[in-house]
Amino acid sequence: MESDRTTSALPDAGSPIVPDDGFHRTPTISILFLLLDGLRSTIPALLAFAVVSGGSRFAIAITLVFLLFVLLGSSLLRWISFAYRFDAEEMVLRTGILSRNERHVPYHRFQNIDLEQNPLHRFLKVAKVRLETASGGKPEAVISVLRLPDIEEMRARVFAPRGTKDPSDTESTSNVIERSRDAHATEEQEIEILHHGVGDLTLLGLISNRGLLVVAAAFGLIEQFVGFDNSEFWERWLGGAGDWIGRIDFQHMDYRLTALYATLLLVVFLAATRVLSIAWMLFTLWGFRLIRRGGDLRTAYGLITRITATIPRHRIQLLSWHESVLHQWTGTASLKVETAGGGAAGGDESSSQQMPGNAARLWLAPLARVAGLAVLFRQVTPDLGPNQQGPGEPGQLPWSPVSPRAWARLVRRNSLLLLLLSILSAIGLELSQFSIAYAALPLLLLPLVWIWSRRWTKRSGYVLTDRFIGFRSGAFGRRTSFVPLGKIQVVQFSQGFFDRRAVMARVKVDTAGANLSSHRVVIPYLDLEDARRLAGDLERHASETMFHW
Amino acid sequence: MENPPLPTAPFPELTSSQENDDATTPLSPGVEAIHHHVADGVRKKLDPAWITCQRIGGLFVALILIGSLGIAAVALGFAFDVLPLSMGIWSLVSLLLLLRAWIWPSLAWKHAAYAVSELGLRIRRGVVVRSIASVPKSRVQHTDVSQGPVQRHFGIATLTVHTAGTQYAAVPVPGLPRETALAIRNFLIDDDEDDDGV
């Protein structure tokens with residue numbers, strides 16, 4: 001397996017299981033990575049076992065050795081059984097030893113290719129590869145690991161211009177590579193669209209709420225492994241702070257001092273979460289780059305584990321960006337896209353942990369300047385972004401608002417929710433020894449509900465052009481999503497009970513690989529006539545365009 | 001929007017049940033159904049036999065539920081010495097279940113409809129939240145026509161249209177006469193355009 005991989009059209013001679021019909025195995029070093037993957041997934045179970053077994057060293061050692069053997073065996077088997085081949089128009093993946101499975105995937109069906117490289121990968125110049133088609137759910141193949149030249153070859157094939165395939169040379173596949181490489185070299189230079197330095201990432205850390213997640217995760221870990229009642233641990237680590245807090249006389253403190261301490265604590269907490277946030281962003285998005293190469297977009301990021309994701313531009317199903325209040329203050333927005341591949345992976349925490357780049361939505365720009373958004377759009381999605389005829393800034397598109405009567409409904413709904421909260425807390429307080437008067441506290445938020453509903457109604461709306469449908473919503477921050485008309489799968493028009501009473505309706509657009517929990521084109525609170533017309537227009541537009549994955 | 005308005009068919013209102021509202025209005029006046037007689041764009045009701053099918057299926061499920069609840073009610077009644085109370089509750093719940101199994105299918109039928117046009121397929125359904133889903137013809141990935149034993153007896157079938165969508169990955173159209181289901185299927189998957197976008 002040490003042969004030069006670029007001459008990969010040659011079969012591996014002398015391998016009994018992989019016959020010489022052009023199949024390759026992954027490099028031998030794969031076994032190591034498969035083993036490491038296996039170890040990583042069994043370590044939690046092993047720890048749990050160590051705890052349960054009460055720490056009998058012998059039992060643990062025996063289990064460990066046994067486990068290592070099993071894992072080594074399975075890694076070997078997986079390495080031996082997995083083989084792949086590049087044909088002129090399709091990639092052939094072979095798995096299994098007893099029941100062998102050969103999967104043929106045409107190159108143009110691939111949605112995206114993602115790479116993961118931890119430091120060991122980088123040292124050995126290999127990467128874990130994840131191939132996704134639109135079959136939904138699991139990726140078509142996760143290859144652990146391939147050499148970088150092989151990956152380049154694969155990319156060249158998968159994302160080669162469609163013209164390069166030629167039915168006459170199914171035999172000499174290497175020609176195709178050569179040609180597509182030439183094509184890439186001459187016509188398709190890499191254009192760097194976006195690059196985030198330390199400053200950008202720091203700003204991103206300040207804006208985002210990642211720190212809270214880190215804190216939450218830390219709490220979880222402490223609870224799991226130390227326990228909050230483990231006084232010895234806390235004595236050792238927080239002894240000094242404990243003494244300091246112990247000296248404060250809480251009993252005889254007046255309310256001003258309490259407020260001061262509370263504020264101080266809050267400030268410290270906020271500062272700490274922001275610092276953690278910045279650290280998180282620096283680690284995960286270090287050296288973020290967005291590159292366009294021909295019709296493909298490529299993002300690369302990560303300090304320790306480096307992720308490289310490639311998406312063909314025409315595979316973008318939905319483009320979405322988010323402006324929180326902090327984003328707005330700094331004139332930035334974060335931009336994500338959805339492809340049909342790996343949509344279901346979004347909800348699956350374990351898979352996104354294995355491949356952080358592969359949450360259902362791909363980062364396109366964690367921190368885009370709003371001022372440059374129009375330029376970015378033109379680079380990213382010529383079909384989708386505000387088009388050439390139209391105004392450049394998304395804010396200047398001809399947005400239509402939702403029904404102006406929406407705010408009354410929102411006020412009613414949210415006030416009722418607050419009232420319900422009040423009643424529930426009143427019941428709770430009645431049962432405890434606190435004064436029932438506190439139950440009125442939620443009602444103090446009523447003015448906020450008023451303002452929120454007014455702003456939401458004013459700032460939410462949709463836009464339909466001959467290329468895309470867009471929807472934006474939000475009272476203070478705002479989320480905006482665009483779907484190219486050609487990617488609309490189903491148009492839904494619906495009325496719930498309250499819609500019917502208010503003569504309103506909702507229009508929804510379903511796309512492939514959608515993450516149902518994030519912002520999508522679901523336009524509520526439309527005047528009935530508007531909704532009927534919009535749904536009809538969308539239906540017409542969608543039927544007129546052919547859908548290409 | 002600068003573009004001239006396109007000839008489109010606005011979606012119908014969903015406020016009333018559609019006993020006699022524009023049941024024969026073509027969905028898309030601009031589009032003529034030339035090739036396919038099923039694609040006439042006329043809104044059609046489901047086969048009334050579907051109500052009977054749903055009732056039989058619903059009653060079957062209800063009876064199983066009532067039976068198992070009955071066992072639980074008797075057991076709890078004896079265990080806590082509240083037999084009259086538990087039997088009372090059980091009878092009430094049983095009655096409600098039976099009523100639902102009987103009434104719901106006709107309500108659902110009242111609000112359900114479908115229409116096939118050159119554009120594709122529209123399906124209307126829902127009693128409380130009423131909706132129309134429109135599947136453009138070009139977005140149909142594949143279709144299934146299925147019949148359960150009861151459906152077979154009544155000669156009706158369910159056409160399931162599969163799309164690449166997420167929420168609407170499978171759109172079922174129940175209560176079609178089998179021949180109609182097959183005709184719609186043939187129309188929807190009859191794709192003479194050279195397209196590999198599958």
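Please give me, ordered by residue number, the GluC sites (Glu not before Pro) of the range B:101-198 that lie in loop per DSSP and have at most 16 other Cβ atoms within 10 Å.
Those satisfying the criteria are B:193.
Once label points are set 7 Å from the Cα along Cα→Cβ at both residue B:144 and residue A:466, what is their separation, rounded to one decimal in nm?
Taking the simple label geometry, residue B:144 and residue A:466 are separated by 4.1 nm.
If each Cα of the range B:51-107 is one equal point scatterer, what is log10 of I(q)/I(0) from the Debye formula at q = 0.21 Å⁻¹?
Result of the Debye calculation: -0.72.
Calculate the FRET efficiency for residue A:516 and residue A:265 from the Cβ-Cβ distance with a Förster distance of 41 Å, rounded to the nearest 0.05. Show your work: numbers first, answer last.
On the way: r = 38 Å, r/R0 = 0.93.
Computed FRET efficiency for residue A:516 and residue A:265 comes out at 0.60.
Averaged across A:415-423, how many Cβ atoms of other chains sit within 10 Å of each residue's Cβ atom?
0
Residues of the range B:114-189: accessible area per residue at 1.4 Å, in Å²? Don't jump to the answer; show the numbers that get you there.
On the way: 2770 Å² over 76 residues.
So the range B:114-189 comes to 36 Å² accessible per residue, rounded to a whole number.
Pop the C-beta distance of residue B:76 and residue B:49 into the FRET formula with R0 = 35 Å and round what comes out to the nearest 0.05.
Plugging the Cβ-Cβ distance into 1/(1 + (r/R0)^6) gives 0.30.
Tell me the relative contact order for the range A:460-549 as a rounded percent, counting alpha carbon contacts under 8 Å between residues six or more apart.
About 28 percent, as a whole number.
Once a ≥ b ≥ c are taken as the square roots of the eigenvalues of the Cα gyration tensor of the range B:114-189, is the result rounded (a/c under 1.5), prolate (a/b larger than b/c) or oblate (a/b not larger than b/c)?
oblate
Counting only protein heavy atoms and using a 1.4 Å probe, what share of the accessible area of the range B:106-193 belongs to carbon plus sulfur, as a whole percent?
Ligands and nucleic acids excluded, carbon and sulfur give 52 percent.
If you average 1/r across every pair of different Cα atoms in the range A:63-113 and take the reciprocal, what Kirkwood value do you get, in Å?
Final number for the Kirkwood radius of the range A:63-113 is 12.8 Å.
Going by a 1.4 Å probe on protein heavy atoms, which residues of the range B:133-150 end up with at least 20 Å² less accessible surface in the whole assembly than in their chain alone?
B:134, B:136, B:138, B:139
Counting protein heavy atoms only and a 1.4 angstrom probe, how many square angstrom of accessible surface do chains A and B bury in total, to the nearest 100? Walk me through the intermediate numbers first.
Numbers: alone 29170 and 12480 Å², together 37940 Å².
Between A and B, the summed buried area is about 3700 Å².
Using a basic spin-label model with each label point 7 Å from the Cα along Cα→Cβ, how many nm lie between residue A:413 and residue A:103?
4.0 nm
Describe numerically, in nm with one decimal, the distance between label points set 7 Å from Cα along Cα→Cβ at residue A:56 and at residue A:433.
5.0 nm
Per-residue counts of other Cβ atoms within 10 Å, averaged by peptide: what ranking do you get for A:440-453, A:515-528, A:71-84, highest first?
Averaged packing, sorted descending, gives the order A:515-528, A:71-84, A:440-453.
Do you know which residues of the range A:481-512 lose at least 40 square angstrom of accessible area in the protein assembly compared with their chain on its own, with a 1.4 angstrom probe?
Residues losing area: A:489, A:490, A:491, A:492, A:493, A:495, A:500, A:510.
How large is ³J(HN,Hα), in whole Hz, for each residue of the range A:364-373 in order, when computed from phi with the Karplus curve 6.51 cos²θ - 1.76 cosθ + 1.60 and θ = phi - 60°, using x for Gly and Pro?
Working through the residues one at a time gives 10, 7, x, 8, 8, 6, 4, 4, x, 4 Hz.
For the range B:51-107, calculate the relative contact order in percent as a whole number, restricting contacts to Cα pairs under 8 Å that are 6 or more residues apart.
48 percent
Can you give me the three principal axis dimensions of the range A:391-513 from its C-alpha atoms, in Å, biggest first?
62, 30, 29
Give me the accessible area per residue for the range A:43-124, probe 1.4 Å, as a whole number in Å².
Normalised by residue count, the accessible surface of the range A:43-124 is 57 Å².
The values are calculated or read from the model by the stated rules, or taken from the named source; none is laboratory data. Bear in mind that the values here come from a model prediction, so they are computed numbers and not experimental data. So basically every Cβ, Gly included, is an ideal-geometry build from the backbone, and we count neighbours across all protein chains shown. When the accessible area is computed, the model is the full protein with side chains, heavy atoms only, and any ligands, DNA or RNA have been set aside. Shrake-Rupley method; radii C 1.70, N 1.55, O 1.52, S 1.80 Å.
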